[in-house]
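Quick notes on the structure that follows.
The values are calculated or read from the model by the stated rules, or taken from the named source; none is laboratory data. The structure displayed is predicted, hence computed values, not measured ones. When we count neighbours, we look across all protein chains shown, and the Cβ atoms used for this are built from the backbone with ideal geometry, even at glycine. Remember, those area values only see protein heavy atoms, side chains included, never the ligands or the DNA or RNA. Shrake-Rupley method; radii C 1.70, N 1.55, O 1.52, S 1.80 Å.
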Amino acid sequence: AGLPSDPWVLGAWLGDGNTDCARFTCSTEDLPHWKCEFDRCGFPIRVVVDRGTCVQFSIAAKTKGTVGMPRSDSGPFGNALKALGVRGNKHIPECYMVGSADQRMALLRGLMDTDGHCDTRGTASFVNTNRRLAEQAHQLALSLGIKANWQERHSQIVNGQSYSVYAVAFCADQEWPPFKLERKAARARPRQASKFRYIRRIERVESVPVSCIQVAAQDGLYLVGKSLIPTHNSSTITFAKTIQDILASHGDDP
């Protein structure tokens, strides 16, 4: 899809970017990685604050700053953030949610490189206090065929006030790692997760009138539910059910 900005860079900003401008915060150890990735995406960076263990950097503007606007917000990326409506309102714009598989994976990697984690067992997790962003990260993973779990957790801050955090967890596949950051990608494991889905319960519901549909795809394949489970139309079943209904409507009369 034709996107306003690189999906990995947007994902990194959604994770570790200042909500009101095109600035990022990362550890000093990871700065060479960020510099390399941002250069690759065509966005040179410059360090604006160095606190020893962590740094704050901005995407260097290629044009002169606008009067009254911070220089770090006057470049193409800052303009893209404003146009996408995400400044001060972090979320994944719809056009990024429906990009190609490679674009969506790049976006997920940006999120995971910043607010993601991978434990020694190869379980990747994305944790955030922004419910909307966490829900979108969950949907993003599902759209890539990843069996991701969603969980809401309650934590405590220093002054005793409670707040919620939202976690998305899934297996980090070594063949298609959800990270670019090497120290995280190194913990990914060979694909071991089952590809099967399991029925948890069956509930009886009241029968209502329905209409059978057929999708336009030649093989009849489509995705259903929030988990995007693949299924397909079967003409044989549809026709057989129609014949069964016709026969049943005549009762015992052959």
* Which labelled figure in (1) 14.2; (2) 15.2; (3) 20.6 is mean projected area of the Cα convex hull in nm², once derived from the coordinates -> (3)
* Structure fact -> Here the gain from full extension of residue 186 to residue 119, 0.36 nm per residue of separation minus their alpha-carbon distance, amounts to 23.1 nm
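Round to the nearest 0.05 the FRET efficiency obtained for residue 165 and residue 82 when R0 = 30 Å and r is the Cβ-Cβ distance.
Result of the calculation: an efficiency of 0.60.
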* Please provide three numbers in whole Å: the alpha-carbon extents of the stretch 164-203 along the principal axes, with the largest listed first. => 46, 31, 11
* Mean-position separation - Cα centroids, the stretch 1-45 and the stretch 204-234, in angstrom -> 39 Å
* Structure fact -> Taking a crude spin-label model, label points 7 Å out from Cα along the C-beta direction, the residue 20 to residue 212 distance in nm is 6.0 nm
* In nm, to one decimal, how far is the modelled label at residue 53 from the one at residue 36, with both set 7 Å along Cα→Cβ? -> 2.4 nm
* Asked: Do any of 184/226; 90/226; 35/90; 90/180; 147/180 go past 25 Å between their Cα atoms, and which?
  -> 184/226
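Using a probe of 1.4 angstrom, how much of the accessible area of the chain is carbon and sulfur, in percent?
Details: 8360 of 15790 Å².
Roughly 53 percent of what the probe reaches on the chain is carbon or sulfur.
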* Structure fact -> What the 5 Å binned alpha carbon P(r) of the stretch 80-224 shows, as percent of pairs per bin from 0, is 2, 8, 14, 17, 17, 14, 12, 9, 5, 2, 1, 0
* To do: Determine the calculated [θ] at 222 nm for the chain from helices alone, applying -39500 (n - 2.57) to every DSSP H run no shorter than 4 residues and normalising by the residue count; nearest 500 deg cm²/dmol.
  => -9000 deg cm²/dmol
* Å² of accessible area per residue within the stretch 154-217, as computed with a 1.4 Å probe and no ligands counted -> 88 Å²
* Structure fact -> Note: residue 202 to residue 94 extended length (0.36 nm per residue) minus current alpha-carbon separation gives 35.5 nm
* Structure fact -> FRET efficiency (residue 157, residue 250; Cβ distance; R0 51 Å; to 0.05) is 0.15
